[in-house]
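Undergrad: Just dropping this structure here.
The values are calculated or read from the model by the stated rules, or taken from the named source; none is laboratory data. These numbers were taken from a predicted model, which means no experiment stands behind them. All Cβ positions, glycine included, derive from the backbone under ideal geometry; neighbour counts span all protein chains shown. Accessible surface is based on the protein model in full, side chains and every heavy atom, while ligands, DNA and RNA are left aside. Shrake-Rupley method; radii C 1.70, N 1.55, O 1.52, S 1.80 Å.
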Amino acid sequence: MSVEQAPVQRADFDQVMVPNYAPAAFIPVRGAGSRVWDQAGRELIDFAGGIAVNVLGHAHPALVGALTEQANTLWHVSNVFTNEPALRLAKKLVDSTFAERVFFCNSGAEANEAAFKLARRVAFDRFGEEKYEIIAALNSFHGRTLFTVNVGGQSKYSDGFGPKITGITHVPFNDLDALKAAISDKTCAVVLEPIQGEGGVLPAELSYLQGARDLCNQHDALLVFDEVQTGMGRTGHLFAYQYYGVTPDILTSAKSLGGGFPIAAMLTTEALAKHLVVGTHGTTYGGNPLACAVGNAVIDVVNTPEVLNGVKARHNQFKTRLEAIGQQYGVFTEVRGMGLLIGCVLSDTWKGKAKDIFNACEKENLMILQAGPDVVRFAPSLVVEEADIEEGLNRFERAVKTLTQV
Ligand SMILES: *Cc1c(COP(=O)(O)O)cnc(C)c1O
């Protein structure tokens, strides 16, 4: 039995919501695969993927099935009790990564919060209270809680909220000498995104990650990879660290892990995990059966050669066409990224105008993303159909053409 709901419009947002977002003028109401429909019945192609979240598109039958089945079985029991979906998902994550232990939570920021707390606790237990410094990269993004905005390398997100969390240093990304100069025996963790997502879809160089690994080993510091955006097949590998062949001590996953249902995880080794003894950390919803049932379905589909190899093929389809569009209209200097996390770096004349391109795409019925003002970002479903890529890029080209002809 459904209750008739009062109609709502985009204008209501400004009346009832905190104004920390500026959502587009239309309201999506339904999705299927890589297509989305708005209130007026307009059909859009979705290359935004809910910010690298809808890893299998909208309403994927395996995810709908898992969620529906679990909804009819058991929703929530809290961590006073464990549950079957959580244990199954943890086993799958352990079996397919370096990790031996999993902590579930609900968002990327929470997974990073757990990672940073674990790193500090391990250093405290092993070396005492002087070893608490965290080194992170400039322009990095790790979430919006107070700890994670402070570790993140963008002061616009951390300024103006009172005293900052101390013991955090920022160094330029991909600059091994700067990291070498900053690290010391007081460093408890080095935190890096294998590809800086929000910061502009900027991949780490292999030698940088290898060098960071070595420096961490030399200084008894933990290497933390924030794979909230790069994980769960996004790069064509289950996790990006597996492509680089550089193994972190702690890895965080969220976004694609739930394919649209909120779930996140912190992965680590047994030796480190044991420092989070009973009572040191927790969350009410973490490992919730609904979320984990969906996570199980996501990993079952994503962690297969068909899907992961398909990501690489789709990357090439995007890249070839985007480079051609970039050249023809003089909008990009570079198309970068891996798998289906792709960034187009705007040329000098278009610098700062990613939002204009976003708006022009919306007019052509295409959803895309920015990664800052200078990079246009694509993070579509990993199973987006070839025909949808073709049609979406036709729309993208029309948007760019219209903009450049003004
Ligand atoms: C999105 C993101 C986060 C934050 O995740 P939330 O679920 O929004 O808290 C953290 N790190 C990276 C790399 C991200 O892309």
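Undergrad: Among the lysines, which fall within straight-line cross-link reach of Lys117, defined as a Cα-Cα distance under 29 Å, with same-chain neighbours fewer than 8 residues apart omitted?
TA: Within the straight-line limit of under 29 Å, Lys117 reaches these lysines: Lys91, Lys92, Lys131, Lys156, Lys164, Lys180, Lys186, Lys255, Lys274.
Undergrad: In a Gaussian network model over the chain where Cα atoms closer than 10 Å are linked, find which of Ser34, Ser381, Ser78 has the largest mean-square fluctuation.
TA: Result for the chain, Cα springs under 10 Å: Ser78 fluctuates most.
Undergrad: Ignoring ligands, DNA and RNA, what percent of the accessible area of the chain is carbon or sulfur (1.4 Å)?
TA: Numbers: 9870 of 18310 Å².
Percent of accessible area from carbon and sulfur atoms in the chain: 54.
Undergrad: A follow-up question, please. May I ask you to give the solvent-accessible area per residue for segment 74-303, in square angstrom, as obtained with a 1.4 angstrom probe? Please report the intermediate quantities before stating the final value.
TA: Working: 9090 Å² over 230 residues.
Heavy-atom accessible area per residue stands at 40 Å².
Undergrad: OK, next. Which value, in Å² and to the nearest 10, is the accessible area of Val102 when all protein chains are kept and the probe is 1.4 Å?
TA: 40 Å²
Undergrad: Compare Gly310, Gly337, Gly41 in a GNM of the chain, Cα atoms joined below 10 Å, and give the one with the largest fluctuation.
TA: In this elastic network of the chain, the residue with the biggest mean-square fluctuation among Gly310, Gly337, Gly41 is Gly41.
Undergrad: Something else now. Determine which lysines satisfy two conditions relative to Lys401: a Cα distance under 30 Å, and not lying fewer than 8 residues away in the same chain.
TA: Lys312, Lys319, Lys351, Lys353, Lys355, Lys363
Undergrad: Classify segment 139-228 as rounded, prolate or oblate from the Cα gyration tensor: take a ≥ b ≥ c as the square roots of its eigenvalues, call it rounded if a/c is under 1.5, otherwise prolate when a/b beats b/c and oblate if not. Mind showing how you got there, number by number?
TA: Working: a/c = 2.04, a/b = 1.31, b/c = 1.56.
Oblate, because a/c is 1.5 or more while a/b does not exceed b/c.
Undergrad: For the chain, with equal point scatterers placed on the C-alpha atoms only and solvent neglected, what are the log10 I(q)/I(0) values from the Debye formula at q = 0.09, 0.10, 0.14 1/Å, to two decimals?
TA: With no solvent term, the Cα-only Debye profile gives -0.55, -0.69, -1.33.
Undergrad: Sticking with this structure for a sec: Assuming R0 = 35 Å, can you tell me the calculated FRET efficiency for the pair Glu84 and Ser347, based on Cβ-Cβ distance, to the nearest 0.05?
TA: Details: r = 53 Å, r/R0 = 1.50.
FRET efficiency, Glu84 to Ser347: 0.10.
Undergrad: Sort segment 74-303 into rounded, prolate or oblate with this rule: let a ≥ b ≥ c be the square roots of the eigenvalues of the Cα gyration tensor; rounded if a/c is under 1.5, and if a/c is not under 1.5, prolate when a/b is larger than b/c, oblate otherwise.
TA: It comes out prolate by the Cα gyration axes.
Undergrad: Would you please state which residues of segment 58-88 a label at Thr304 would reach in this model, taking the label point 7 Å out along Cα→Cβ and a backbone N cut-off of under 15 Å?
TA: Taking a point 7 Å out along Cα→Cβ of Thr304, the residues of segment 58-88 whose backbone N falls under 15 Å are 60-66.
Undergrad: Over segment 29-135, what is the relative contact order in whole percent, taking alpha-carbon pairs under 8 Å and six or more residues apart?
TA: Result for segment 29-135 is 12 percent.
Undergrad: Report the extension gain between Val3 and Lys319 in nm, rounded to one decimal, defined as 0.36 nm multiplied by the number of residues separating them, less their alpha carbon distance. Write out the running numbers ahead of the final one.
TA: On the way: separation 316, 0.36 × 316 = 113.76 nm, distance 4.65 nm.
My answer for the length gained is 109.1 nm.
Undergrad: Net charge near Pro61, counting Lys/Arg +1 and Asp/Glu -1 over other residues with Cβ under 13 Å of its Cβ?
TA: Values: positive: none; negative: Glu69, Asp300.
Neighbourhood net charge equals -2.
Undergrad: Another question, then. With a sphere of radius 11 Å drawn around the Cβ of Gly339, what net charge do the other residues whose Cβ falls strictly inside it have (Lys, Arg +1; Asp, Glu -1)?
TA: Numbers: positive: Arg234, Lys312, Arg314, Lys319; negative: none.
Value of the local net charge: +4.
Undergrad: Using the Karplus curve 6.51 cos²θ - 1.76 cosθ + 1.60 with θ = phi - 60°, work out ³J(HN,Hα) for each residue of segment 289-303 in order, rounded to whole Hz, and write x for Gly and Pro.
TA: Along segment 289-303, the couplings run x, 4, 4, 6, 4, 5, x, 4, 5, 4, 5, 4, 7, 6, 7 Hz.
Undergrad: What is the packing order of peptides 242-249, 13-20, taking the mean over residues of other C-beta atoms within 10 Å and listing the highest first?
TA: Numbers: 242-249: 19.9, 13-20: 8.4.
My ranking of the peptides, most packed first, is 242-249, 13-20.
Undergrad: Take the alpha carbon gyration tensor of segment 186-339, find the square roots of its eigenvalues, order them as a ≥ b ≥ c, and report rounded if a/c is under 1.5; if not, report prolate when a/b exceeds b/c, else oblate. If you can, show how the numbers build up before the last one.
TA: Numbers: a/c = 2.33, a/b = 1.36, b/c = 1.71.
Here segment 186-339 falls in the oblate category.
Undergrad: Follow-up. Starting from 0.36 nm per residue, how many nanometres of slack lie between Asp214 and Val406 once their C-alpha separation is accounted for? List each step's numbers first, then the result.
TA: Values: separation 192, 0.36 × 192 = 69.12 nm, distance 5.17 nm.
My answer for the length gained is 64.0 nm.
Undergrad: Another question about this same structure. For n ≥ 4 DSSP H runs only, could you compute -39500 (n - 2.57) per run for the chain, divide by its residues and tell me the 222 nm figure to the nearest 500?
TA: Numbers: 15 runs with 162 residues, N = 406.
That comes out to -12000 deg cm²/dmol.
Undergrad: Let me ask something else about it. Cα centroid distance between segment 89-126 and segment 363-378, in Å?
TA: Distance between centres, Cα-based: 32 Å.
Undergrad: Then there is this: So for the chain, averaging the separation of alpha carbon pairs under 8 Å that are six or more residues apart and normalising by length, what relative contact order in percent results? Mind showing how you got there, number by number?
TA: Working: 813 pairs, mean separation 87.5, N = 406.
Taking the mean separation of contacting Cα pairs over the length of the chain, I get 22 percent.
Undergrad: If I model a spin label at Val94 and Ala182 as a point 7 Å from the Cα along the Cα→Cβ vector, what separation in nanometres do I get?
TA: Placing both labels 7 Å beyond Cα along the Cβ direction yields 3.4 nm.
Undergrad: In nm, what is the difference between 0.36 nm times the number of residues separating Trp37 and Ala24 and their Cα-Cα distance?
TA: Numbers: separation 13, 0.36 × 13 = 4.68 nm, distance 1.36 nm.
Here the segment from Trp37 to Ala24 would lengthen by 3.3 nm.
Undergrad: OK, next. Can you tell which of Asn79, Asn296, Asn309 shows the greatest fluctuation in a Gaussian network model of the chain with Cα springs below 10 Å?
TA: Maximum among the listed residues: Asn79.
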